[in-house]
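The values are calculated or read from the model by the stated rules, or taken from the named source; none is laboratory data. Just so it is clear, the structure is predicted and the values come from calculations on it, not from any experiment. In this analysis, Cβ positions are derived from the backbone assuming ideal geometry, glycine residues included, and neighbour counts consider all displayed protein chains. SASA here: full protein model, heavy atoms, side chains in, ligands and nucleic acids out. Shrake-Rupley method; radii C 1.70, N 1.55, O 1.52, S 1.80 Å.
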Amino acid sequence: MHRLNINYVIGSEVKAIRKARCLTGLNMSKKMNISQQHYSRLERGDVKWCVSTLVEVCFILNISILHFIKILDSKKKIIIDCNCDYVCKEEII
């Protein structure tokens, strides 16, 4: 069964947007008042995203949180367990 981690999906998209805005991970970590290492873990999907962190990132990058909801929805995945892993709908039918 192919699983896709929600934290990885969000982190990858944040990284792509950050790079498009010509910002570094260090820039973002300073704006968020967190360590650069923790920010890097967020982008890699190594730690869970909380809503408040995602909202803060959206504010800094000037993007709507709806962008991430649309990204997740477009993947046609559903949450199947408390670890926020996603599985293709076709695989559970």
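Summary table
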| item | result |
| --- | --- |
| Test: VAL87 is modelled with pLDDT under 95 and open to solvent by less than 80 Å² (accessible area, probe 1.4 Å) | yes |
| Residues within segment 21-51 that are in a helix (DSSP H, G or I) and open to solvent by less than 80 Å² (accessible area, probe 1.4 Å), tallied | 11 |
| Residues that are of a type outside the set (Ser, Thr, Tyr) and touching a Ser or Thr at 6+ places or on another chain (Cβ under 9 Å), drawn from segment 1-40 | ARG18, GLY25, MET32, ILE34, GLN36, GLN37, HIS38 |
| Single residue of segment 1-17 satisfying the filter (of a type outside the set (A, V, I, L, M) and open to solvent by less than 20 Å² (accessible area, probe 1.4 Å)) that is modelled with the lowest pLDDT | ASN7 |
